[in-house]
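This report refers to the structure that appears directly beneath it.
The values are calculated or read from the model by the stated rules, or taken from the named source; none is laboratory data. These numbers come from a predicted model, not from an experiment. Note that we place each Cβ from the backbone using ideal geometry, even for glycine, and neighbour counts take in every protein chain shown. When the accessible area is computed, the model is the full protein with side chains, heavy atoms only, and any ligands, DNA or RNA have been set aside. Shrake-Rupley method; radii C 1.70, N 1.55, O 1.52, S 1.80 Å.
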Amino acid sequence: MIKAIFFDIDGTLVSFNTHHIPSSTFDALKKLKENDIKIFIATGRGKDGLFVLNDFEFDGYITLNGQYCYTKDKIIYENTIDKNDLKHLLEHLEEHPFPCGFTEENTKYFNMRDERVDEIHKITHNDNHPAGDCSQVIHHKVYQCMCFVNEDEEKELLKVMPHCIAARWHPLFCDISPIGGTKQNGIDQFLKYYHIDLSQTMAFGDGGNDKQMLEHVAISVAMGNANKELKQIADYITDDVDNDGIVKALKHYHLI
């Protein structure tokens with residue numbers, strides 16, 4: 001019996017076309033709650049990016065790809081980037097400039113912006129943050145960095161940030177996060193908190209940063225708009241977000 005379901009946001013709950021959650025999906029989420037199934041967010045977004053949920057209340061929030069996990073009442077888990085890794089990142093940016101977003105608990109800011117950042121903002125409506133001097137980051141809690149680099153540059157970047165990992169859901173950038181905090185770990189933190197067994201879990205996703213999560217849960221669902229790799233590991237492939245993919249999968253498993 002499924003007792004907990006974890007949902008990615010972008011491309012899963014939220015349409016890349018409308019930038020909203022379909023009303024049918026909200027109805028399905030309400031039915032899950034009525035059926036005593038706990039529902040969780042599992043996203044790369046930070047707290048300041050959850051406005052797309054329209055204040056709909058979930059039982060928990062795995063944000064920043066697992067670095068900051070909380071309920072409406074308390075922080076369950078947090079994980080920040082090593083100060084030396086941040087120092088090396090700043091040095092790397094001086095020699096190899098590229099747009100980089102630094103995410104703190106309630107905000108994000110960039111060292112610089114260009115057309116790549118604007119292109120992602122068109123998709124997420126969540127990356128219009130200011131740019132400027134970021135030297136202060138080594139004195140702050142930074143949970144994640146949004147680095148606009150290709151895959152080869154990403155490998156070079158990780159060499160100077162040895163305590164970090166990368167996750168990518170778009171070819172223009174990757175999220176750099178501290179080792180230890182992942183969506184998978186976030187799931188485990190909430191299962192312990194709510195005393196739910198892993199065998200009673202399900203997750204929905206569409207991008208590269210959902211891979212570990214879908215491999216971890218008992219039942220994994222890839223959206224119709226998901227990448228090829230995710231579809232290969234999923235237990236079930238549903239329709240895309242614009243065509244009631246969430247609703248169809250939940251009905252397939254007789255959860256609503």
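Results, tabulated for the structure shown:
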read-out	value
Extension reserve of the residue 131-residue 194 stretch, reckoned as 0.36 nm per residue once the Cα distance is removed	18.7 nm
Helix 151-160 vs. the chain, principal-axis angle (Cα, 0 to 90°, nearest 10)	70
P(r), alpha carbons of the stretch 48-189 - 10 Å bins starting at zero, rounded %	11, 43, 36, 9, 0
Simple label model, 7 Å out from Cα along Cβ direction - residue 139 to residue 54, nm	4.3
Residues in the stretch 185-226 reached by a label modelled at residue 243 [backbone nitrogen below 20 Å; 7 Å Cα→Cβ]	204-207, 221-226
Computed lengthening from residue 31 to residue 163, 0.36 nm per intervening residue step minus Cα-Cα distance	43.4 nm
On Cα atoms only, tilt of 23-34 relative to the major axis of the chain in degrees	70
Kirkwood Rh and Cα Rg combined as Rg/Rh, the stretch 1-115	1.06
Overall dimensions of the stretch 159-256 by Cα: Rg and Dmax, Å	14.7, 48
Top of 152, 197, 27 by mean-square fluctuation, Gaussian network on the chain, Cα under 10 Å	152
Cβ-based net charge around residue 245, under 10 Å, with every Lys or Arg adding one and every Asp or Glu removing one	-4
For the stretch 97-256, accessible area per residue (1.4 Å probe, heavy atoms of protein chains only), Å²	45
Within straight-line cross-link reach of residue 30, lysines at Cα separation under 25 Å, skipping those fewer than 8 residues along the same chain	3, 38, 47, 72, 74, 183, 192, 248, 251
Heavy-atom accessible surface of the chain: percent carbon and sulfur, 1.4 Å	47
Of 239, 73, 210, the one that fluctuates the most in a GNM where the chain has Cα springs shorter than 10 Å	73
Computed [θ] at 222 nm, deg cm²/dmol, the chain (DSSP H ≥ 4; -39,500 (n - 2.57); rounded to nearest 500)	-8500 deg cm²/dmol
P(r) histogram, all alpha-carbon pairs of the chain included - 10 Å bins from 0, percent	7, 33, 36, 18, 5, 0
Degrees, to the nearest 10: 83-95 long Cα axis against longest axis of the chain	60
10 Å binning of all Cα-Cα separations within the stretch 54-125, expressed as whole percents from 0 upward	15, 38, 33, 13, 1
In the stretch 156-250, chymotrypsin sites (Phe, Trp or Tyr not before Pro) in a DSSP loop with at most 12 other beta-carbon atoms within 10 Å	none
